[in-house]
Amino acid sequence: MKTLKELSQKVADALKTLKISEKQTRLAEIEAQMAKPDFWNEQEKAEKTVTELSALKKITEPWLALNQKLQDLTELDLLLGDNASPEEKQELEHDLEAVVKEYTVLRKQLLYTGEYDSGNAILRITAGVGGTEAMDFAAMLERMYLRWAEQNGFKPTQIERLAGDEAGIKTSVLEIAGPYAYGQLKSDHGTHRLVRLSPFNADNLRQTSFALVEVLPIIEQAETVIDPKDLRIDIYRSGGHGGQSVNTTDSAVRITHLPTNTVVAIQNERSQLKNKELAFKILAAKLEQLRQEQHAESLNNLRAGKSADWGSQIRNYVLHPYTLVKDTRTKYEETDAGRVLDGHISGFSDAYLEWLASQNNQN
């Protein structure tokens with residue numbers, strides 16, 4: 001059966017491309033570590049190891065199961081040969097159709113060719129021009145990504161959240177954990193634009209507002225070497241709206257990478273040390289993305305610049321006089337804006353990955 005042979009070859013190639021064999025080796029190493037009696041002595045390290053195990057299984061198990069199904073179908077096809085009855089041929093074709101559908105879903109992983117695509121992501125949403133309207137839009141985007149994470153089995157963790165004065169948010173920083181979180185979200189990196197009848201305008205006028213979405217890869221500390229001489233660290237007192245959320249100690253941290261003028265400020269935690277760790281984590285991610293954008297060999301070669309500049313508008317959300325969400329790069333669009341804002345953004349991610357692959361093939 002020609003289709004069966006072709007699909008078997010495609011899956012074999014995918015297993016090599018995704019390094020499934022290497023991931024199986026790593027899985028065996030982790031399981032051996034977990035079998036040791038002292039595994040849980042270091043709680044934080046153990047939890048990271050368990051998370052890695054779960055992520056590797058989510059990647060490897062579907063491909064291995066698919067490969068096994070193809071092997072079983074191949075053996076059955078050889079066993080039946082030319083003597084297969086019409087019913088047996090029909091059943092074989094039906095099973096093959098099901099496997100083809102599985103492959104179609106999984107093949108998207110082959111588009112995750114970036115260095116950090118398979119890992120977790122930091123998502124930073126910042127309200128832009130538009131006052132309260134923009135802060136409300138930023139909150140709408142925050143909800144959209146949280147709904148998307150919930151629908152697709154990702155684990156979001158709030159790192160920081162600054163509420164708006166009247167409504168919405170000024171800033172929200174989330175860590176999204178799960179296989180290919182960064183690869184799936186990187187399509188949303190840039191400026192998002194909303195057009196609607198503003199509920200915050202007394203005349204209910206049509207208004208345009210903006211929000212900046214930064215999608216950053218999470219970098220292991222060992223992979224990032226930042227010269228301490230390139231950093232300025234400021235400690236100050238956290239702000240707040242009053243009540244228990246106000247910090248009474250100088251625990252807020254702002255780190256500036258002087259060569260690129262990249263600034264990260266964190267005031268969410270009461271612990272200065274915890275805020276500093278989070279700030280370094282986000283700074284490393286921002287610098288790595290800047291390195292990728294500038295095609296620099298190392299952090300030492302970075303030029304001054306800002307990742308996800310406000311001028312890089314990537315998506316429009318129109319709620320009046322019609323509803324449409326459109327990506328300015330891929331031209332992919334959906335007319336049900338409410339559905340998109342409810343977390344159904346995979347179509348935009350898929351279109352971006354296909355577009356990115358075609359761009360890379362042309363270069």
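Observations on the model:
- Members of the range 29-45 that are within 29 Å of the chain's Cα centre (by Cα) and either within 26 Å of ASP117 (Cβ to Cβ) or of a type in the set (S, T, N, Q) (or both): GLU29, ILE30, GLU31, GLN33, GLN43, GLU44, LYS45
- Within the range 99-149, if we keep just the residues that are in contact with an Asp or Glu (Cβ under 6 Å, 6 or more places away or on another chain) and assigned to a helix (DSSP H, G or I), the residue that is farthest from LYS186 (Cα to Cα) turns out to be THR132.
- Taken together, the residues in the range 314-352 that are surrounded by fewer than 16 Cβ atoms within 10 Å (Cβ to Cβ), modelled with pLDDT of 95 or more and among the polar types (S, T, N, Q) amount to 2.
- Number of positions in the range 308-358 that are closer than 17 Å to LEU212 by Cα and among the acidic types (Asp, Glu): 2
- Every pair of residues 6+ apart whose Cβ atoms lie under 9 Å, when the first sits in the range 89-109 and is more than 17 Å from ILE20 (Cα to Cα) while the second is of a type in the set (Val, Ile, Thr) and at pLDDT below 90: GLU93/THR3; LEU96/THR3; VAL100/THR3
- When residues of the range 118-137 are limited to those that are modelled with pLDDT under 90 and closer than 29 Å to LEU194 by Cα, the one surrounded by the fewest Cβ atoms within 10 Å (Cβ to Cβ): VAL129
- Test: residue in the range 63-72 that is within 20 Å of GLY119 (Cβ to Cβ) and free of Cβ contacts under 8 Å to residues at least 60 places away in the same chain: yes
The values are calculated or read from the model by the stated rules, or taken from the named source; none is laboratory data. Keep in mind it's a predicted model, so treat the numbers as computed, not measured. Reconstructed Cβ throughout: ideal geometry from the backbone, glycine too, with neighbour counts over all protein chains shown.
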